[in-house]
Structures are given as C-alpha cells and as structure tokens.
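Structure first, then comments.
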Amino acid sequence: MLIAVVVLNFSLALLGLYAAWQVWRLGQGLRQVADRLTLAEQRTHQTLYAAPEAIAQTQTNIEQLRRQLRQIQPQVQQLRQAIALVSLAQSFWVGGLGFGLRGDRSSGKVGPKPRRRSPAKRRVFNR
C-alpha cells in the first residue's frame, strides 16, 4: 500500500510539473505576442501621430484651391468661348470657301499618283 501511495504521489508530482511547464511555455508565447503588439502599436503611433495636423492642413489647402477656382472660373469660360469662336471661324475659312487641304481632285484623295512600270520591266508569268 505504501508503494501505491508513493507511486501515486510521484505521478501527481510529475503531472503538476508537466502542467507548470506548459503554463510557463504559454506565458512565454503570450509575452512574445504582447511584445509584438506593443511594437506594432508604437510604430502605428509614430506613423499616425502627425495625421490630424496633416489632414487639417490638407483641408485648408483644398479650401484655398476651391476659392481660387471660383475666382478664375469666369476667365476659363471666356477662354472656352474664344476657342470655340476661333474653331468656328477656322471651319468656315477652310471648309466654307473651298481652300485648305482637300485638293483639286473630285475623289477627295490627297497624295501623289502611283507610278506605273515601263513595259520593259514588267514580268510575264504566262509563257
């Protein structure tokens, strides 16, 4: 009976030692995870620390650009109208009066005529 108690006691001690070793390993893993999370948090903080100020500055710049756009919008409209008038005048001048790139031919083709070969240089395939 004494041997059974000693064996049981020894088995319980080994089981407790194994459980303690597993808890220690779990603690090591949790420590590594915590260290990595802390490092990630520090890097995120360093990256995003200046973000609110940068966002506010960007919003201010966008507002200034919108104001400038509103100021030059009439000039842009006038420029578009002037370009449209010049384009219209050009189409009347080139297309309406018959001048320009169309050429004299009635077929509408532009470019040199193809060259014909002299009779001496022609090859005769049917002999």
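The values are calculated or read from the model by the stated rules, or taken from the named source; none is laboratory data. None of the values given here were measured: they were computed from a predicted structure. Backbone-built Cβ (ideal geometry, glycine too); neighbour counts: all protein chains shown.
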For this session: Considering every residue within the stretch 1-24, establish whether at least one is loosely packed, with under 10 Cβ neighbours inside 10 Å and either at positive phi or not in a helix (DSSP H, G or I) (or both).
Result: yes
Problem set entry | Condition met for LEU69 (surrounded by 10 or more Cβ atoms within 10 Å (Cβ to Cβ), within 29 Å of the chain's Cα centre (by Cα) and part of a helix (DSSP H, G or I)) | yes
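Every residue, every condition in (1) of a type in the set (Lys, Arg); (2) exposed (fewer than 10 other Cβ atoms within 10 Å of the Cβ); (3) touching a strand residue (DSSP E or B) at 6+ places or on another chain (Cβ under 6 Å); (4) at pLDDT 90 or above, yes or no:
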| site | (1), (2), (3), (4) |
| --- | --- |
| ALA51 | no, yes, no, yes |
| VAL94 | no, no, no, no |
| LEU97 | no, yes, no, no |
| ARG123 | yes, yes, no, no |
